[in-house]
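A quick write-up on the structure given underneath.
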Amino acid sequence: MENGQLSRARTRPGRPTPLLTQTVHAHRPETGAVSVLKARGTVDASNAIAFSEAVAEHIAHADRAGELPVLDMTEAYLACAAAVRAVDRATAVLAFSGRVLPVVQPRPHVRETLRTAGLPGIRVYATMASVLAALKSLYAPQARGCAGPRPGGPSW
């Protein structure tokens, strides 16, 4: 549908919306290459492992390609603790290396859940513009072609 919602034909009344993911690659002059994983639907116990694997693969692919990974949760719901653990599992490598995955515009209940969980591998942003501004400040030397930190964190 035009407003970004799944059409009624694709949802089952009274059931969670199926989880869909899509990766969008963009090149921004201020930050360089950015890879955005857009999640849409409900992350619950039935698909939490698949979601975790998709996020982990997104991060790994972005690292291999020299892109900055971003997770867009504008249209996603975390339905249970398994969903939060899925995000934690997927971002554990980043947290271990002192990096974070920017998470864009989660719905209020998702934002509160992530904040309460205190996951070390993510940082929540209200808009894509705020993510890009934060990435620009972190990676300004790299965007100009100078020596600077590698994508994904200042402490590589």
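The values are calculated or read from the model by the stated rules, or taken from the named source; none is laboratory data. Remember, predicted model here, so these are calculated numbers, not experimental data. These area figures cover heavy atoms from the full protein model, side chains too; ligands, DNA and RNA do not enter into them. Shrake-Rupley method; radii C 1.70, N 1.55, O 1.52, S 1.80 Å.
Go through the range 19-36 residue by residue and turn each phi into a ³J(HN,Hα) via Karplus (6.51, -1.76, 1.60, θ = phi - 60°); whole Hz please, and just put x for glycine and proline.
Calculated HN-Hα couplings, in order: 7, 10, 10, 8, 9, 10, 9, 9, 10, 10, x, 7, 10, x, 6, 10, 10, 10 Hz.
Taking θ = phi - 60°, what integer Hz values does the Karplus form 6.51 cos²θ - 1.76 cosθ + 1.60 yield along the range 105-122, in sequence order, with x for Gly and Pro?
Values, residue by residue: 6, x, 4, x, 5, 5, 4, 5, 4, 5, 5, 5, 5, x, 5, x, x, 10 Hz.
Order the following by accessible area, largest value first: HIS25, HIS109, HIS58. Probe radius 1.4 Å; ligands, DNA and RNA are ignored.
HIS25, HIS109, HIS58
Let me check something: with ligands and nucleic acids excluded, how do THR31, THR74 order by accessible area (1.4 Å probe), largest to smallest?
If we order THR31, THR74 from most to least accessible, we get THR74, THR31.
Could you calculate the contour length gain from GLU112 to ALA45, that is, 0.36 nm times the residue separation minus the distance between their Cα atoms, to one decimal place in nm?
So the extension gain works out to 22.2 nm.
Of the beta bridges DSSP finds with both residues in the range 32-143, what % are antiparallel, to the nearest 5?
Just about 0 percent of them are antiparallel.
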